[in-house]
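Here is the structure we will look at, set down as structure tokens.
The values are calculated or read from the model by the stated rules, or taken from the named source; none is laboratory data. Source: prediction; values computed, not measured. Cβ sites come from the backbone with ideal geometry, for glycine too, and all protein chains shown count toward neighbours.
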């Protein structure tokens with residue numbers, strides 16, 4: 001798996017490097033607008049750019065996995081002595097790594113923004129409310145949420161290639177439909193589980209002490225409340241989708 005991961009990074013580093021370079025340049029340009037634009041416009045631009053950057057990286061990750069199954073690259077991938085689980089795990093690891101890098105860039109420029117004298121003169125106390133620790137913790141929670149989403153997308157692409165449509169154009173449409181159905185189904189079942197088993201683990205006090213006293217308690221407790229049954233269900237769904245996808249990659253993918 002390590003060799004495949006290196007091969008994957010080597011084949012894609014130019015593309016995602018350009019995304020990050022462009023993101024950094026635009027963030028720097030936005031920071032130069034401090035004192036010239038309204039502070040709200042600068043903040044909105046910074047976090048709007050973060051959303052766009054994350055969306056592009058997510059699309060890049062999905063596209064990379066899609067090409068692994070549908071492009072000429074698949075001939076090399078599936079003739080290598082590597083298990084389907086290793087291919088899938090490598091794609092997930094690289095995807096999360098790229099998402100983490102995107103969040104790091106957002107954290108750095110977000111913190112520089114809220115720490116600036118311009119913002120603090122107009123919005124006193126914002127530096128004490130939006131702390132670096134708070135941004136890091138919120139980013140970690142967001143990254144954790146990305147894994148189930150990516151696994152559902154990768155599963156939809158895999159099952160489409162393996163058993164339904166090997167045609168590239170048809171495969172795209174069917175993969176989206178399958179993902180949509182899976183996502184709706186999992187969300188619905190999860191809501192039923194939460195209603196049936198409402199027991200949660202709360203670590204809001206610990207998180208608040210870690211982040212700082214300036215953060216709104218209501219926000220803290222919403223972020224730091226985990227439903228036990230929902231978490232177990234999410235792990236089971238992830239493991240099942242990973243196992244089925246790995247099996248399909250091993251035994252059901254036909255090169256065409």
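Please tell me if residue 47 is assigned to a helix (DSSP H, G or I), closer than 21 Å to residue 89 by Cβ and touching a helix residue (DSSP H, G or I) at 6+ places or on another chain (Cβ under 8 Å).
Working: assigned to a helix (DSSP H, G or I): yes; closer than 21 Å to residue 89 by Cβ: no; touching a helix residue (DSSP H, G or I) at 6+ places or on another chain (Cβ under 8 Å): yes.
Criteria not met by residue 47.
Taking residue 12 as the residue in question, decide whether it is more than 20 Å from residue 114 (Cα to Cα), modelled with pLDDT under 90 and surrounded by 15 or more Cβ atoms within 10 Å (Cβ to Cβ). Give the steps one after another, and end with the answer.
Details: more than 20 Å from residue 114 (Cα to Cα): yes; modelled with pLDDT under 90: yes; surrounded by 15 or more Cβ atoms within 10 Å (Cβ to Cβ): yes.
Against the criterion (more than 20 Å from residue 114 (Cα to Cα), modelled with pLDDT under 90 and surrounded by 15 or more Cβ atoms within 10 Å (Cβ to Cβ)), residue 12 qualifies.
Kindly indicate whether any position in segment 104-112 is at pLDDT 90 or above and either under 15 Å from the mean Cα position of the chain (by Cα) or not in a helix (DSSP H, G or I) (or both).
Filtering segment 104-112 down to residues at pLDDT 90 or above leaves 105.
Applying the additional criterion that residues be either under 15 Å from the mean Cα position of the chain (by Cα) or not in a helix (DSSP H, G or I) (or both) yields 105.
Looking for residues that are at pLDDT 90 or above and either under 15 Å from the mean Cα position of the chain (by Cα) or not in a helix (DSSP H, G or I) (or both), one finds at least one in segment 104-112, hence yes.
Does residue 87 satisfy the condition of being surrounded by 16 or more Cβ atoms within 10 Å (Cβ to Cβ) and in contact with a strand residue (DSSP E or B) (Cβ under 7 Å, 6 or more places away or on another chain)?
On the way: surrounded by 16 or more Cβ atoms within 10 Å (Cβ to Cβ): yes; in contact with a strand residue (DSSP E or B) (Cβ under 7 Å, 6 or more places away or on another chain): no.
Answer is no for this residue.
Does residue 98 count as closer than 29 Å to residue 244 by Cβ, over 14 Å from the mean Cα position of the chain (by Cα), in a helix (DSSP H, G or I) and in contact (Cβ under 8 Å) with a residue 40 or more places away in the chain?
Values: closer than 29 Å to residue 244 by Cβ: yes; over 14 Å from the mean Cα position of the chain (by Cα): no; in a helix (DSSP H, G or I): yes; in contact (Cβ under 8 Å) with a residue 40 or more places away in the chain: yes.
No: the conditions fail for residue 98.
In the set 122, 96, 129, 136, which member is under 20 Å from residue 20 (Cβ atoms) and at pLDDT below 85?
Exactly one of 122, 96, 129, 136 is under 20 Å from residue 20 (Cβ atoms) and at pLDDT below 85, namely 136.
Give the number of residues within segment 147-173 that are part of a helix (DSSP H, G or I) and modelled with pLDDT under 85. So that I can check it myself, show each step before the final result.
As a first pass, look at segment 147-173 and keep what is part of a helix (DSSP H, G or I): 147-164, 168-173.
This time we only want the ones that are modelled with pLDDT under 85, so: 161-164, 168-173.
Summing the residues that are part of a helix (DSSP H, G or I) and modelled with pLDDT under 85 in segment 147-173 gives 10.
Scan segment 213-256 residue by residue and report those that are modelled with pLDDT under 70, in contact with a strand residue (DSSP E or B) (Cβ under 7 Å, 6 or more places away or on another chain) and loosely packed, with under 15 Cβ neighbours inside 10 Å.
Passing the criteria: only 225.
Quick check, is residue 56 in contact (Cβ under 8 Å) with a residue 40 or more places away in the chain and over 15 Å from residue 114 (Cβ atoms)? Spell out the reasoning first.
Values: in contact (Cβ under 8 Å) with a residue 40 or more places away in the chain: no; over 15 Å from residue 114 (Cβ atoms): yes.
Answer is no for this residue.
Could you check, for segment 41-51, whether at least one of its residues is closer than 24 Å to residue 238 by Cα, touching a residue at least 60 places away in the same chain (Cβ under 8 Å) and either surrounded by fewer than 16 Cβ atoms within 10 Å (Cβ to Cβ) or within 15 Å of the chain's Cα centre (by Cα) (or both)?
Within segment 41-51, the first condition is being closer than 24 Å to residue 238 by Cα, and the residues that meet it are none.
Within segment 41-51 (the criterion being closer than 24 Å to residue 238 by Cα, touching a residue at least 60 places away in the same chain (Cβ under 8 Å) and either surrounded by fewer than 16 Cβ atoms within 10 Å (Cβ to Cβ) or within 15 Å of the chain's Cα centre (by Cα) (or both)), the answer is no, since none of the residues qualifies.
Being in a helix (DSSP H, G or I) and touching a residue at least 24 places away in the same chain (Cβ under 8 Å) is the filter; apply it to segment 31-40 and report the residue that is surrounded by the most Cβ atoms within 10 Å (Cβ to Cβ).
In the first step, residues of segment 31-40 are kept if they are in a helix (DSSP H, G or I); the result is 31, 39-40.
Checking which are touching a residue at least 24 places away in the same chain (Cβ under 8 Å) leaves us with 31, 39.
Values: 31: 16, 39: 19.
Across segment 31-40, the extreme among qualifying residues is 39.
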